[in-house]
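The values are calculated or read from the model by the stated rules, or taken from the named source; none is laboratory data. No experiment lies behind these values; they were computed from the predicted model shown. Cβ: placed from backbone, ideal geometry, glycine included. Neighbour counts: every protein chain shown.
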Amino acid sequence: MVRKDRLKSTFMELLRINSPVRGEAALASYVSSILKDMGLSILVDSANRKTGGDTGNLIANLSGDEGLSPIMLNAHLDTVEPTKNIVLDIEGDIIRTDGNSILGADDKSGIACILEILRVIIENNLPHPPVDVVFTVSEEIGLLGAKNMDYSMIKAKVGYTLDACSPFEVIVGAPYQNSITVEVRGKESHAGCEPSKGINAIKVASNAIAKITTGQIDRETTANIGVIKGGTATNIIPGYVEVKGEVRSYDEKKLERKTREIEGKFEGSCKLFQIEIDGNIFAPTVRYEVEREYNAFKIDKRDELVKRVFDVASSLNMKILTRLGGGGSDANIFNEKGIRTVIMGAGMKNIHTKSEYINLEDMVACVQLLIGVISSWR
């Protein structure tokens, strides 16, 4: 039933439409035209008023058996950059770029799979529940489309987010995440003429960072310092530096404990760098901003969402595994909003790099699984 050639053609057309964060309108228009041709009703919310983008979230509905509970299919429209003027390199079922840009399979493979799922269901008149199709914007910069969505437009209370790598895994959970911004203020002075009258904010921050354990903290928790900005010239002792990091954990208490630990390292570092100038004590200061990016979720392996995938996979002689994820996706927000959602893979590999590629056979497997799930939904 799955038309591999059509799936490939659709995917390639999606790849050629540039859709960076806050610039998804052209892709949303193209996808809308396909959905309208299939007879789906189309809505666009006003999430872009909050995201600052050129379009809101695209929400479509495929009518179905009203006696069945509706189900949601989700992918996001935006990609990381660069994807402008993409040049594709295709060898058999493997699709990649010429190495000068990112492919954008994250998440255009998910979009292409959803469009093929809908086409197969409609063309073959397969039994199905009502399907809410949700294509979000600004996912790559903090799940902003999902966070600012008009949820009155969605009836489904269960769903599948297509935003992972392997189609043979069901991701049943994702962690909490705190984003941390630290501002360290020292004291500027001339590095050559008055070196003893300055407090180097970069050194203060570096001392703290060196004492922070990052990476895999324990089985449930990770931490990272990812951005540091500061200084204006080599002959000026820097008086300001900004550091950005994150903590993720499945345990909220561990999340908050690690967040406080990071804050404490910066406070301790500030005490070490106070100096006396002309009888006056000067000490660096620190300010924190902690934002909860999303909350954790865990779906029981016995849940119908998961069990149905395993049943279909068994009928197709596919081996499926479940696992907990380490990143965030729209599924975190959907679960928080009361839409029980798991994550499935649409075949993307080496995402967010110029070596990103995809195997079309993985996309076909994703489509087959979800067609089976939806057409057997009871």
For the range 266-278, indicate whether the set of residues that are surrounded by 15 or more Cβ atoms within 10 Å (Cβ to Cβ), assigned by TED's automatic domain parsing to the domain that holds Ile202, of a type in the set (Phe, Trp, Tyr) and closer than 29 Å to Gly173 by Cβ is non-empty. no
Criterion first (outside any loop (DSSP other than H, G, I, E, B), touching a residue at least 40 places away in the same chain (Cβ under 8 Å) and either among the acidic types (Asp, Glu) or over 30 Å from Leu88 (Cα atoms) (or both)) does Arg287 satisfy it? yes
Flag if Ala26 is under 30 Å from Ile339 (Cα atoms), of a type in the set (Gly, Ala, Ser) and surrounded by 22 or more Cβ atoms within 10 Å (Cβ to Cβ): no
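Out of curiosity, is Asn85 assigned by TED's automatic domain parsing to the domain that holds Asn332, of a type outside the set (D, E, K, R) and modelled with pLDDT of 95 or more?
Values: assigned by TED's automatic domain parsing to the domain that holds Asn332: yes; of a type outside the set (D, E, K, R): yes; modelled with pLDDT of 95 or more: no.
Answer is no for this residue.
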In a helix (DSSP H, G or I) and either modelled with pLDDT of 95 or more or of a type in the set (Phe, Trp, Tyr) (or both): which single residue out of Leu35, Leu43, Leu68 fits that description? Leu35
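Do the conditions hold for Lys203, that is, is it part of a strand (DSSP E or B) and not β-branched (Val, Ile, Thr)?
Values: part of a strand (DSSP E or B): no; not β-branched (Val, Ile, Thr): yes.
Judged against the criteria, Lys203 is not a match.
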Ser109 passes all but one of the listed conditions (1) polar (S, T, N, Q); (2) closer than 25 Å to Gly245 by Cα; (3) surrounded by 24 or more Cβ atoms within 10 Å (Cβ to Cβ); the exception is number (2)
Sole miss for Lys36 among (1) among the charged types (D, E, K, R); (2) surrounded by fewer than 17 Cβ atoms within 10 Å (Cβ to Cβ); (3) in contact (Cβ under 8 Å) with a residue 12 or more places away in the chain is condition (3)
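Take the range 53-84 and flag every residue that is small (Gly, Ala, Ser), over 17 Å from Gly104 (Cβ atoms) and within 18 Å of the chain's Cα centre (by Cα). Step through it out loud before you land on a result.
Initially, the range 53-84 is screened for residues small (Gly, Ala, Ser), giving 53, 56, 60, 63-64, 67, 69, 75.
Among the residues that remain, those that are also over 17 Å from Gly104 (Cβ atoms) are: 56, 60, 63-64, 67, 69.
If the condition is that a residue be small (Gly, Ala, Ser), over 17 Å from Gly104 (Cβ atoms) and within 18 Å of the chain's Cα centre (by Cα), then Gly56 is the only one that fits.
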Failed condition for Asn317, given (1) outside the structural domain of Gly239 (by TED's automatic domain parsing); (2) assigned to a helix (DSSP H, G or I); (3) over 27 Å from the mean Cα position of the chain (by Cα); (4) not acidic (Asp, Glu), with all others met? (2)
Which of the strands (runs of 3 or more DSSP E) contained wholly in the range 85-154 include at least 1 residues that are under 23 Å from the mean Cα position of the chain (by Cα)? 94-97, 131-136
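Consider Ala365 carefully, then state whether it is within 14 Å of the chain's Cα centre (by Cα), assigned to a helix (DSSP H, G or I) and touching a residue at least 24 places away in the same chain (Cβ under 8 Å). Steps first, answer last, please.
Numbers: within 14 Å of the chain's Cα centre (by Cα): no; assigned to a helix (DSSP H, G or I): yes; touching a residue at least 24 places away in the same chain (Cβ under 8 Å): yes.
The answer is no for Ala365.
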Which residues, counting only those in the range 304-323, are loosely packed, with under 15 Cβ neighbours inside 10 Å and either touching a strand residue (DSSP E or B) at 6+ places or on another chain (Cβ under 9 Å) or free of Cβ contacts under 8 Å to residues at least 60 places away in the same chain (or both)? Lys307, Ser314, Ser315, Leu316, Asn317, Leu321, Arg323
Cross-chain or 6+ apart pairs with Cβ under 8 Å, the range 190-219 first and free of Cβ contacts under 8 Å to residues at least 60 places away in the same chain, then among the acidic types (Asp, Glu) and surrounded by fewer than 17 Cβ atoms within 10 Å (Cβ to Cβ): Ile212/Glu261
Residues located in the range 334-378, provided they are surrounded by fewer than 24 Cβ atoms within 10 Å (Cβ to Cβ), hydrophobic (A, V, I, L, M, F, W, C) and under 13 Å from Phe11 (Cβ atoms): Leu360, Val364
